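First the structure, in the form of structure tokens, and then the observations on it.
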Amino acid sequence: MPKFDLKPLPSGTEVDEPQDTYDGFPESILPRSQPHHGLKQVRKAAKLTQEEMAQEAGVSRKSYQLYETGKLPIPSDKVVTLAQRFDFDIHKFFTGSPLVNPVQLKVQCAQVGIDAFKELLRRFDDTEMTMDEMKRIAMAYAKYYTEGDGYSYMDLLKCVELITGYKYIPDPNDPGLWGIEDEKPH
């Protein structure tokens with residue numbers, strides 16, 4: 001079964017959509033919420049006519065044309081049928097970008113939590129901080145960590161403050177608290 005490489009529309013592409021279709025949606029999400037463009041890309045990649053694609057979807061040619069032009073919303077069961085038949089990523093179909101593998105995301109989140117836990121052990125080994133507190137702080141850090149932001153001791157300190165208050169951080173506004181201005185994690 002062929003794989004299809006769905007591409008987002010180039011910026012500035014004119015879209016022949018009725019304006020009222022998007023009332024209330026922020027402009028920033030409009031390019032990602034136009035699945036009819038993905039539908040046309042799938043059909044073209046499969047070298048099918050609109051009539052043939054309509055048959056694959058189990059709809060009339062007129063309904064298919066309305067889906068492809070965006071004048072009629074594509075029913076989710078039709079998207080699923082076509083995704084199974086043509087083996088494309090439904091998330092990419094709707095958003096233009098592939099879905100992050102949930103397993104990779106979980107591994108990455110676990111690694112961030114482990115790194116934060118190790119740093120807490122290193123930095124707070126001479127305090128009364130409990131393992132449970134460290135675990136909760138590391139989990140909070142991993143939860144709010146954004147890929148690409150880089151490791152941040154200041155963010156880790158904020159998590160310590162969030163979970164334990166000022167119990168372990170007497171002056172949270174002191175940037176020299178750990179001497180961490182440009183320090184990298186160990």
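The values are calculated or read from the model by the stated rules, or taken from the named source; none is laboratory data. Everything quoted here is computed from the prediction, not taken from an experiment. Cβ atoms come from the backbone with ideal geometry, glycine included; neighbour counts cover every protein chain shown. The protein model used for the area step is the full one, side chains on, heavy atoms only, and it has no ligands, DNA or RNA in it. Shrake-Rupley method; radii C 1.70, N 1.55, O 1.52, S 1.80 Å.
Rolling a 1.4 angstrom probe over the protein chains, ignoring ligands and nucleic acids, what is the accessible area of residue 164 in square angstrom, nearest 10?
Roughly 20 Å² of residue 164 is accessible to a 1.4 Å probe.
At 0.36 nm per residue, and after removing the present C-alpha to C-alpha distance, how many nm does the segment from residue 90 to residue 154 gain when stretched out fully?
So the chain would gain 19.2 nm between residue 90 and residue 154.
Determine the dipole magnitude for the range 42-95: charges of +1 sit on the beta-carbon of Lys and Arg, -1 on that of Asp and Glu, nothing else is charged, the reference point is the Cα centre, and the result goes in debye to the nearest 20.
My answer is approximately 180 debye.
Could you tell me whether the range 25-142 comes out rounded, prolate or oblate from its Cα gyration tensor? Rule is a ≥ b ≥ c as square roots of the eigenvalues, rounded for a/c under 1.5, then prolate if a/b exceeds b/c, otherwise oblate.
Working: a/c = 4.76, a/b = 3.47, b/c = 1.37.
It comes out prolate by the Cα gyration axes.
For each pair in 71/92; 118/158; 62/92; 40/78, compute the distance between the two Cα atoms and list the pairs where it is over 18 Å.
Checking Cα-Cα distances, 71/92; 62/92 exceed 18 Å.
How far apart, in nanometres, would the label points at residue 71 and residue 107 be if each is projected 7 angstrom from Cα along the Cα-to-Cβ direction?
Simple spin-label model gives 4.8 nm for this pair.
Considering only protein heavy atoms, with the full assembly of protein chains and a 1.4 angstrom probe, order 139, 134 by accessible area, largest first.
Highest to lowest solvent-accessible surface, that is 139, 134.
Testing the spin-label approximation: label points 7 Å from Cα along Cα→Cβ at residue 131 and residue 61. State their distance in nm.
Taking the simple label geometry, residue 131 and residue 61 are separated by 7.1 nm.
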